[in-house]
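Participant: Here it is, the structure in full.
The values are calculated or read from the model by the stated rules, or taken from the named source; none is laboratory data. Predicted model only: the values in this text are computed from it and were never measured. Using ideal geometry, Cβ is built from the backbone for each residue, glycine included, and neighbour counts are taken over all protein chains shown.
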Amino acid sequence: MNVHISSVRNIDVLRKLIDVKKVNGKNFFFPTFGLSIKIGTDSKLIERFESLKFFFPVITEEMESDLRIIILGDLNSFYILAQELRSKEEFILAEEINNLLKNYKESYKHSYQIGKKIFSGDECYLMGVLNLTSDSFFDGGKYNRPETALRRIHEMIAVGVDIIDIGAESTRPGSEPVSAQDELSRILPVLKEIQKDEVTVSIDTYKSQVAEVCLNNGAHMINDISGLKFNPELGEIVARFNAGIILMHIKGTPKTMQVNPHYVNVIEEINFELKSSLELAKNKGISKIFIDPGIGFGKRLKDNYEILNRLDEFRFLGYPVAIGLSRKSFIGKVLNQTPPESLIGTTAANASAQLSGANIIRVHDVKEMNEVKKIINFIKSPDSLNG
């Protein structure tokens, strides 16, 4: 009987309640942290887990072929669990647990030099959005001339932005792709005028031709909404320039992604696809990697909130987490607001993301979000204050 970890769960008793009607539950506990184990219905196998004294297995769902079980405990308990399983010659499961815990710790230890700035895996950075398109969902047309774009860049630098993310193709739901030449005709007049020693410059593209030209003109990183799935050759370009990359998850394409998206387990499925993107990136020799679960990119309304609720779990992939929430429709839909009206909702979502360990937060409102970031930093580290 094979035993393997199906996912890592972070279940907060104050926030996360399971609807008993939706599962064939036999017993429910709500730990602050847990590992979800998928095992067969072999009763001897279940007894083997129950013999371990420092945790209690809880059957959350019984299906025809397997049981889903949560192991209660904190990170230290899981280290002990791995040792105990190893002593019982459960080497494969012990190794999986150890690898997950190692990945989680490593995600905070990464340190990348991208441009002139060092990005640490345990800090939060603001990525300011600069859309050079006329049809973006929030600020389309505001910065599609070089002079207005450069003015906006200087404004964002003045209020504390860490990265400028330049996009020349709208990826809003239902949008059509544009040619690489159209992207470059919009980006290059702006990119050539940016003082690259003042700020790290990211290019929001999935096209290798666009990435190569932009990196050759001083850009420092690529924000790829497809996680190297649309254009795997992009990985070779990023590796050659030793650039940073954000690997995002998307279900479908921008044109199709919101046409009845469906998940059985949204976190597990995103993790699976991001693992695939990570393998593509690492096989190409890319080392400066961030992962992004892709809120709003082929997600149902509840999926977006589930991602935000369990954002820290993506750290178990071993890399810092980036996220883009700003002014998106999942905020406006629950507040009955348009994107221009959703600043307060965006602020709440970004604060939650930072508290959950987001490393890069992609924002339109840099000044306001920089203030949020400072307050969250003090909440997380009150001893850094005097008085």
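Participant: Kindly list the number of the only condition in (1) outside any helix (DSSP H, G or I); (2) more than 22 Å from Ile246 (Cβ to Cβ); (3) touching a helix residue (DSSP H, G or I) at 6+ places or on another chain (Cβ under 6 Å) that fails for Ile323.
Facilitator: Against the list (1) outside any helix (DSSP H, G or I); (2) more than 22 Å from Ile246 (Cβ to Cβ); (3) touching a helix residue (DSSP H, G or I) at 6+ places or on another chain (Cβ under 6 Å), Ile323 comes up short only on (2).
Participant: Quick check on segment 363-371. Is at least one of its residues loosely packed, with under 14 Cβ neighbours inside 10 Å and either outside the structural domain of Ser287 (by TED's automatic domain parsing) or of a type in the set (Val, Ile, Thr) (or both)?
Facilitator: Looking for residues that are loosely packed, with under 14 Cβ neighbours inside 10 Å and either outside the structural domain of Ser287 (by TED's automatic domain parsing) or of a type in the set (Val, Ile, Thr) (or both), one finds none in segment 363-371, hence no.
Participant: Report, by residue number, each residue of segment 218-240 that is outside any loop (DSSP other than H, G, I, E, B) and either without any contact (Cβ under 8 Å) to a residue 60 or more places away in the chain or within 15 Å of the chain's Cα centre (by Cα) (or both).
Facilitator: Scanning segment 218-240 gives Ile222, Asn223, Asp224, Leu234, Gly235, Glu236, Ile237, Val238, Ala239, Arg240.
Participant: If Ser134 meets every condition in (1) surrounded by 19 or more Cβ atoms within 10 Å (Cβ to Cβ); (2) without any contact (Cβ under 8 Å) to a residue 24 or more places away in the chain; (3) of a type in the set (Gly, Ala, Ser) apart from one, which number is that one?
Facilitator: (1)
Participant: Every residue in segment 336-363 that is within 23 Å of Ile289 (Cα to Cα), part of a loop (DSSP other than H, G, I, E, B) and touching a helix residue (DSSP H, G or I) at 6+ places or on another chain (Cβ under 8 Å), please.
Facilitator: Residues satisfying the conditions are Ser356, Gly357, Ala358.
Participant: Right, something else. Looking for something at pLDDT 80 or above and in a loop (DSSP other than H, G, I, E, B) - is there at least one such residue anywhere in segment 93-106?
Facilitator: no
Participant: Right, next: Please specify each residue of segment 205-262 satisfying the condition of being among the aromatic types (Phe, Trp, Tyr) and touching a Leu at 6+ places or on another chain (Cβ under 8 Å).
Facilitator: Residues satisfying the conditions are Tyr206, Phe241.
Participant: Take the residues of segment 241-275 that are in a loop (DSSP other than H, G, I, E, B) and hydrophobic (A, V, I, L, M, F, W, C): which is surrounded by the fewest Cβ atoms within 10 Å (Cβ to Cβ)?
Facilitator: Val264
Participant: When both residues are 6+ apart or on different chains and their Cβ atoms are under 8 Å apart, which pairs have a first residue that lies in segment 97-113 and is on the phi < 0 side of the Ramachandran plot, and a second that is loosely packed, with under 14 Cβ neighbours inside 10 Å and of a type in the set (Val, Ile, Thr)?
Facilitator: So the pair list comes out as Ser111/Ile118; Tyr112/Ile118.
Participant: Also, I was wondering about something else. Is there a residue being of a type in the set (D, E, K, R) and at pLDDT 95 or above anywhere in segment 353-366?
Facilitator: To start, the set of residues in segment 353-366 that are of a type in the set (D, E, K, R) comprises 362, 365.
Next, from what is left, pick out any that are at pLDDT 95 or above: 362, 365.
Yes, the conditions are met somewhere in segment 353-366.
Participant: Being farther than 25 Å from Ser111 by Cβ, under 11 Å from the mean Cα position of the chain (by Cα), surrounded by 18 or more Cβ atoms within 10 Å (Cβ to Cβ) and at pLDDT below 95 is the requirement here; does Arg310 meet it?
Facilitator: Taking the combined requirement at face value, the residue satisfies it.
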